[in-house]
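Undergrad: Sending over a structure as structure tokens; questions will come in a sec.
The values are calculated or read from the model by the stated rules, or taken from the named source; none is laboratory data. For clarity, every value in this text was computed on a predicted model and none was experimentally measured. All Cβ positions, glycine included, derive from the backbone under ideal geometry; neighbour counts span all protein chains shown.
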Amino acid sequence: MKALIIGSGMGGMCTAIALQRFGIDTEVFEAIKEIKPVGAALSLWPNGVKCLNFLGLKEQIRALGGTMRSMAYNDFQHGKALTQFSLDPLVATTGERPYPVARAELQAMLIDNYGREKVQFGKRLVAVEQNENGVTASFEDGSKAHGDLLIACDGTHSIVRRYVLGYTAERRYAGYVNWNGLVTIDESIAPAQQWTTFVGEGKRVSVMPVAGNRFYFFFDVPLPLGLAEDRSTLRNDLKRYFSGWAEPVQRLIDQLNPDTTNRVEIHDIEPFAQLVKGRVALLGDAAHSTTPDIGQGGCAAMEDAVVLANELQINSLGIEDALLRYQHKRADRVKDLVLKARKRCDVTHGKEKAVTEQWYEELKSETGEHIINGMCHTIQGGPLS
Ligand SMILES: Cc1cc2nc3c(=O)[nH]c(=O)nc-3n(C[C@H](O)[C@H](O)[C@H](O)COP(=O)(O)OP(=O)(O)OC[C@H]3O[C@@H](n4cnc5c(N)ncnc54)[C@H](O)[C@@H]3O)c2cc1C
């Protein structure tokens, strides 16, 4: 059996590694010539980490991950903790640690584990065809590839999604802009082993540790779509949006490097139930695009990869049947994650001011139990819990 995998992001590479481990032939096609991940870092929660463990990458992911022992929400003006608690109960319940990791390092690790020489860069898929014998992928450079199935891991702007659904699923602007990057850890900004978030005015500023003595940081501000802002205005923009915020936030803005800080207008896509068409399956952001508000988009892609590979490995009624079983196992889970993230997004970013104000109030009496229970519930819904 040969699988054509489109896209070498974390969804594509986890799928390729999983199938390779089961002895299934794979070919990976990536549109761009050199991988440049969007975003500086991301948090991998135990459901995602367990998928990487399952792929034999336990030690590698541990080496890339920051040590995150506690979590705190701070008041935006004074920087004082509204709540601060240990993440040990989350680790004890789920059986694994969360690992914030630099994206470029995660991507390189996955590609190297699969075999960098086997990824065909500069191959942009433009069309898919299938019949009862297999699938043909056509690329922009005029070349074609044939396989028994095709797994589309071509991200949020997926072109295969339209082929599978028969319509264009529009991306929905979530109402806020996110800036993210990496800085050297500075404990006058936040404790080195803590995920610290400053909240107020429907905005947030967050830092979490990744390996190499670095903080992954991000800023969120509710804003209209399409503002004329870029790197040249970045520091001034942040200074203006966070005027009056606590000293650690000002220090972070002073220390970040505008040249390596990303600005992203956050979108998601209304969940849909159809993830496959015959011998073609959508996976990762192609199948479910979420806001990053519960840090689960990449983790869900890893879950997809493990489930899809298992279905192909353990079932014997043919490829189309195995893909339908993948769809059956994943559609509700990924819908749940997208909608949960959207809900969290609205509360965090002041969609209804009164609801957000109430959340700030609730944080003052939060012991950690409520937040950790919510996170564990999300994490434990994964296939390897
Ligand atoms: C600001 C932000 C923060 C986030 N934080 C987190 C987090 O903390 N935790 C988490 O789990 N997730 C997080 N996410 C989500 C996560 O980044 C995505 O869910 C994840 O990258 C999806 O992986 P993917 O492989 O499906 O898609 P991608 O990573 O987008 O990869 C798709 C690949 O396909 C290639 N491609 C596209 N079109 C074609 C084509 N036609 N032919 C060939 N190749 C093609 C692209 O070049 C790309 O390499 C965050 C997202 C954002 C925006």
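Undergrad: Give the residue, chosen from 154, 220, that is under 19 Å from the mean Cα position of the chain (by Cα), near the ligand (Cβ under 10 Å from one of its atoms) and closer than 28 Å to residue 326 by Cβ. Steps first, answer last, please.
TA: Working: 220 fails: closer than 28 Å to residue 326 by Cβ.
Exactly one of 154, 220 is under 19 Å from the mean Cα position of the chain (by Cα), near the ligand (Cβ under 10 Å from one of its atoms) and closer than 28 Å to residue 326 by Cβ, namely 154.
For (1) surrounded by fewer than 24 Cβ atoms within 10 Å (Cβ to Cβ); (2) within 12 Å of the ligand (Cβ to nearest atom); (3) among the acidic types (Asp, Glu), each residue gets a yes or a no:
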{"position": "3", "(1), (2), (3)": "no, no, no"}
{"position": "8", "(1), (2), (3)": "no, yes, no"}
{"position": "60", "(1), (2), (3)": "yes, no, no"}
{"position": "63", "(1), (2), (3)": "yes, no, no"}
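Undergrad: Let me ask something else about it. Quick check on my filter: what residues within segment 183-210 are under 23 Å from residue 8 (Cα atoms) and not β-branched (Val, Ile, Thr)? Walk me through it before giving the result.
TA: At the first step, the residues of segment 183-210 found to be under 23 Å from residue 8 (Cα atoms) are 210.
Listed by number, the list is empty, since nothing qualifies.
Undergrad: Here is a further query. From the list 90, 106, 110, 52, which residue is in a helix (DSSP H, G or I), surrounded by 22 or more Cβ atoms within 10 Å (Cβ to Cβ), modelled with pLDDT of 95 or more and more than 12 Å from the ligand (Cβ to nearest atom)? Break it down stepwise before answering.
TA: Numbers: 106 fails: more than 12 Å from the ligand (Cβ to nearest atom); 110 fails: more than 12 Å from the ligand (Cβ to nearest atom); 52 fails: more than 12 Å from the ligand (Cβ to nearest atom).
Selected residue: 90, the only one of 90, 106, 110, 52 that is in a helix (DSSP H, G or I), surrounded by 22 or more Cβ atoms within 10 Å (Cβ to Cβ), modelled with pLDDT of 95 or more and more than 12 Å from the ligand (Cβ to nearest atom).
Undergrad: Another question, if that's okay. Taking segment 258-275 only, how many residues are out of contact with any strand residue (DSSP E or B) (no Cβ under 7 Å at 6 or more places or on another chain) and in contact (Cβ under 8 Å) with a residue 60 or more places away in the chain? Step through it out loud before you land on a result.
TA: In the first step, residues of segment 258-275 are kept if they are out of contact with any strand residue (DSSP E or B) (no Cβ under 7 Å at 6 or more places or on another chain); the result is 258-259, 271-274.
Cutting the leftovers down to in contact (Cβ under 8 Å) with a residue 60 or more places away in the chain gives us 271-274.
So the count comes out to 4.
Undergrad: For segment 341-385, give me each residue that is hydrophobic (A, V, I, L, M, F, W, C) and within 15 Å of residue 89 (Cα to Cα).
TA: Taking segment 341-385 and keeping what is hydrophobic (A, V, I, L, M, F, W, C), we get 341, 345, 347, 354-355, 359, 363, 371-372, 375-376, 379, 384.
Across segment 341-385, the qualifying residues are 371, 372, 375, 376, 379.
Undergrad: Further question: For the structure I just gave you, tell me whether residue 85 is within 19 Å of residue 207 (Cα to Cα), away from the ligand (no atom under 13 Å from the Cβ) and surrounded by 15 or more Cβ atoms within 10 Å (Cβ to Cβ). Show your work before the answer.
TA: Working: within 19 Å of residue 207 (Cα to Cα): yes; away from the ligand (no atom under 13 Å from the Cβ): yes; surrounded by 15 or more Cβ atoms within 10 Å (Cβ to Cβ): yes.
Considered against the rule, which asks whether it is within 19 Å of residue 207 (Cα to Cα), away from the ligand (no atom under 13 Å from the Cβ) and surrounded by 15 or more Cβ atoms within 10 Å (Cβ to Cβ), residue 85 comes out as yes.
Undergrad: Now, a different point. Could you identify the single residue in 36, 58 that is basic (Lys, Arg) and either touching a residue at least 40 places away in the same chain (Cβ under 8 Å) or within 19 Å of residue 297 (Cβ to Cβ) (or both)? Don't jump to the end; show me each part of the working.
TA: Details: 58 fails: either touching a residue at least 40 places away in the same chain (Cβ under 8 Å) or within 19 Å of residue 297 (Cβ to Cβ) (or both).
Only one candidate qualifies: 36.
Undergrad: Go through (1) within 14 Å of the ligand (Cβ to nearest atom); (2) more than 20 Å from the chain's Cα centre (by Cα) for residue 21 and report which single condition fails.
TA: The one condition residue 21 does not meet is (1).
Undergrad: State yes or no: is residue 278 farther than 30 Å from residue 361 by Cβ, more than 16 Å from the chain's Cα centre (by Cα) and not acidic (Asp, Glu)? Spell out how you get there, then give the answer.
TA: Values: farther than 30 Å from residue 361 by Cβ: yes; more than 16 Å from the chain's Cα centre (by Cα): yes; not acidic (Asp, Glu): yes.
Against the criterion (farther than 30 Å from residue 361 by Cβ, more than 16 Å from the chain's Cα centre (by Cα) and not acidic (Asp, Glu)), residue 278 qualifies.
Undergrad: Only one of these conditions is not met by residue 12: (1) near the ligand (Cβ under 10 Å from one of its atoms); (2) more than 22 Å from residue 129 (Cβ to Cβ); (3) within 16 Å of the chain's Cα centre (by Cα). Which number is it?
TA: Result: residue 12 fails condition (2) only.
Undergrad: Let me ask you something else. Would you point out which residue out of 285, 259 is part of a helix (DSSP H, G or I), in contact with a helix residue (DSSP H, G or I) (Cβ under 7 Å, 6 or more places away or on another chain) and within 16 Å of the ligand (Cβ to nearest atom)?
TA: Going through 285, 259 in turn, the sole match is 285.
Undergrad: Still on this structure, I have one more. Which condition number in (1) touching a helix residue (DSSP H, G or I) at 6+ places or on another chain (Cβ under 7 Å); (2) within 16 Å of the ligand (Cβ to nearest atom); (3) not in a helix (DSSP H, G or I) is the one that residue 198 fails?
TA: Going through (1) touching a helix residue (DSSP H, G or I) at 6+ places or on another chain (Cβ under 7 Å); (2) within 16 Å of the ligand (Cβ to nearest atom); (3) not in a helix (DSSP H, G or I) one by one, residue 198 breaks only (2).
Undergrad: Report yes if some residue within segment 226-236 is basic (Lys, Arg) and either buried (at least 20 other Cβ atoms within 10 Å of the Cβ) or at pLDDT 95 or above (or both); otherwise report no. Don't jump to the end; show me each part of the working.
TA: From segment 226-236, those basic (Lys, Arg) are 231, 235; that's our starting set.
Still in the running and either buried (at least 20 other Cβ atoms within 10 Å of the Cβ) or at pLDDT 95 or above (or both): 235.
Looking for residues that are basic (Lys, Arg) and either buried (at least 20 other Cβ atoms within 10 Å of the Cβ) or at pLDDT 95 or above (or both), one finds at least one in segment 226-236, hence yes.
Undergrad: Criterion first (under 22 Å from residue 86 (Cβ atoms) and touching a residue at least 24 places away in the same chain (Cβ under 8 Å)) does residue 368 satisfy it? If you could, list the steps in order and put the result at the bottom.
TA: Details: under 22 Å from residue 86 (Cβ atoms): yes; touching a residue at least 24 places away in the same chain (Cβ under 8 Å): yes.
Yes, satisfied.
Undergrad: Applying the selection to segment 173-213, what residues are crowded, with 20+ Cβ neighbours inside 10 Å, of a type outside the set (Phe, Trp, Tyr) and over 23 Å from residue 237 (Cα atoms)?
TA: Correct list: 194, 209, 210.
Undergrad: Given the condition under 29 Å from residue 131 (Cβ atoms), assigned to a helix (DSSP H, G or I) and not β-branched (Val, Ile, Thr), answer yes or no: does some residue in segment 288-298 qualify? Can you show your working first?
TA: Initial filter on segment 288-298 (under 29 Å from residue 131 (Cβ atoms)): 288.
Narrowing further to those that are assigned to a helix (DSSP H, G or I): none.
Looking through segment 288-298, none of the residues is under 29 Å from residue 131 (Cβ atoms), assigned to a helix (DSSP H, G or I) and not β-branched (Val, Ile, Thr).
Undergrad: A further question follows. Is there a residue in segment 138-150 that is under 26 Å from residue 327 (Cα atoms), in contact (Cβ under 8 Å) with a residue 12 or more places away in the chain, within 24 Å of the chain's Cα centre (by Cα) and within 13 Å of the ligand (Cβ to nearest atom)?
TA: Among the residues of segment 138-150, at least one is under 26 Å from residue 327 (Cα atoms), in contact (Cβ under 8 Å) with a residue 12 or more places away in the chain, within 24 Å of the chain's Cα centre (by Cα) and within 13 Å of the ligand (Cβ to nearest atom), which makes the answer yes.
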